[in-house]
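Shown next, in structure tokens, is the structure this report addresses.
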Amino acid sequence: MNDVIREMLKDIPIPQMVKIRQRFDGSKIDRVGDALHTQLISRPELLERIRPGQNVAVAVGSRGVANIAEVTRTVIDALKQAGAKPFIVPCMGSHGGATAEGQADVLRHLGVSEDAMGAPIRSSMEVVKLDELPNGLPVYADKIAATEADAIVVINRVKPHTAFRGEIESGIMKMIAIGLGKQKGAEACHQLGFKYMAENVPKMARIMMNKLPIAFCIALVENAFDQTCRIETLLPQEVEEREKLLLIDAKARMPRLLFDQIDVLVIDYIGKNISGDGMDPNITGRYPTPYAHGGPDVSKMVVLDLTPESHGNANGVGAADFTTRRLVDKTDWPGTYANGLTSTVCAPTKQATTLDDDRYAIKAAVKTCNILDYTKCRLIRIHDTLHLGEIEISVNLLEEAKRHPDIEVVSEPYDWSFNDEGNLFA
């Protein structure tokens with residue numbers, strides 16, 4: 001960063017901050033594995049679809065789904081109890097750098113390892129073509145799951161999508177159409193853009209559920225604190241209608257920033273384990289397409305770092321206005337670009353304006369947030385878009401916070417403490 005930039009930013013003030021706690025519905029399931037086991041036992045028609053000796057593919061994705069390792073292990077144990085031979089198939093489209101090794105590595109980082117699960121991971125990017133939609137889009141499926149599994153179990157969380165709206169968004173059907181379709185399936189589903197995603201995802205998933213030996217599915221819903229609050233075990237013919245209802249529930253439980261207008265939003269971490277877009281646009285209000293909406297009005301946004309679990313995939317950084325040299329140096333740009341090439345949405349994979357450190361990145365955002373008096377900046381800092389219970393707000397938001405019935409102020413005002421490198425954390 002040259003001296004001209006430093007001179008332009010040196011006198012830009014960073015406001016004092018206050019810690020607050022946002023209140024959301026915290027209802028959760030305390031013993032997720034036990035709750036799932038009870039559901040599997042209470043619906044014998046699920047495991048009755050599994051025969052002793054069958055090879056069963058358990059499809060597991062790459063998102064930061066709460067308790068994913070516990071849920072996966074519970075399913076595997078139940079399949080073994082039924083006499084089956086379960087194995088794990090990465091179900092994540094183009095994630096993990098769109099390589100078999102990368103996708104298996106993503107699972108291991110989520111705690112879904114062969115040792116922990118007691119089952120092998122069979123990762124491949126090879127697919128078979130099952131059919132095509134009337135509009136010509138091909139429908140692909142993981143070759144191992146499609147040709148070597150006698151049955152398939154699909155696990156995923158149901159939640160609002162980050163780039164389109166519909167009765168079916170991000171959940172079991174998307175997991176089947178895009179995740180189980182691997183890179184080629186994801187690419188095909190995105191080919192015509194997000195404008196038609198609400199139509200193409202269910203159409204592809206219906207074909208795949210008809211042509212693949214999907215035995216049953218596990219649908220999860222999380223509360224505002226990224227905790228499992230609902231589990232449903234579903235037969236394939238139940239998935240579509242139940243997922244519509246689960247999506248309504250998931251949207252009602254979504255956390256949010258309880259401020260409608262924000263001058264500067266600072267986000268410590270983005271990553272594919274947090275959101276497919278690195279940071280959830282439903283929280284930030286910054287969407288990668290015009291086919292989704294909602295969230296606060298944010299003038300300028302800063303992202304400071306990349307999660308280790310993202311494996312260098314910085315998809316979403318292009319939605320921010322400013323970032324740091326630290327994040328850019330950690331980024332696997334070819335892997336990030338592959339995300340855009342697969343989804344056809346390339347703006348989020350661009351490099352945001354990059355400053356040397358956190359201090360200057362935040363100053364740059366304050367300088368450009370289009371207010372006359374920088375000392376009045378309405379600034380919010382969050383760890384990531386999954387964790388919005390306790391956040392930091394500038395003192396200029398304090399009185400508004402005190403009036404809100406779902407906000408508790410938990411600290412006195414303080415100045416941010418930057419280290420010798422100008423960063424808020426190592």
Matching option when the condition is modelled with pLDDT of 95 or more, assigned by TED's automatic domain parsing to the domain that holds Thr289 and under 21 Å from Pro15 (Cβ atoms), among Thr331, Thr375: Thr375
Given (1) touching a helix residue (DSSP H, G or I) at 6+ places or on another chain (Cβ under 7 Å); (2) without any contact (Cβ under 8 Å) to a residue 40 or more places away in the chain; (3) among the charged types (D, E, K, R), index of the condition Asp373 fails: (1)
Residue that is touching a His at 6+ places or on another chain (Cβ under 8 Å) and of a type in the set (Asp, Glu), where the choices are Asp115, Asp105: Asp105
Single unsatisfied condition, His161 versus (1) modelled with pLDDT under 95; (2) over 30 Å from Gly389 (Cβ atoms); (3) not small (Gly, Ala, Ser): (2)
Condition check for Val366: assigned by TED's automatic domain parsing to the domain that holds Pro15, aliphatic (A, V, I, L, M), touching a Lys or Arg at 6+ places or on another chain (Cβ under 9 Å) and touching a residue at least 60 places away in the same chain (Cβ under 8 Å): yes
Output for segment 203-234, where each listed residue is farther than 26 Å from Gly294 by Cα, touching a Cys at 6+ places or on another chain (Cβ under 8 Å) and among the hydrophobic types (A, V, I, L, M, F, W, C): Met204, Leu234
Condition met for Ile262 (hydrophobic (A, V, I, L, M, F, W, C), at pLDDT 95 or above and closer than 30 Å to Gly136 by Cα): no
Condition check for Gly316: touching a residue at least 60 places away in the same chain (Cβ under 8 Å) and either closer than 18 Å to Val18 by Cβ or buried (at least 21 other Cβ atoms within 10 Å of the Cβ) (or both): no
Scan of segment 131-151 for residues that are among the aliphatic types (A, V, I, L, M) and either surrounded by fewer than 24 Cβ atoms within 10 Å (Cβ to Cβ) or within 26 Å of Tyr196 (Cβ to Cβ) (or both), ordered by number: Leu133, Leu137, Val139, Ala141, Ile144, Ala145, Ala146, Ala151
Residue satisfying condition, being closer than 21 Å to Pro308 by Cβ and crowded, with 21+ Cβ neighbours inside 10 Å, within set Val89, Val65, Val56, Val71: Val65
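The values are calculated or read from the model by the stated rules, or taken from the named source; none is laboratory data. This is a predicted model, so every value here is computed, not measured. So basically every Cβ, Gly included, is an ideal-geometry build from the backbone, and we count neighbours across all protein chains shown.
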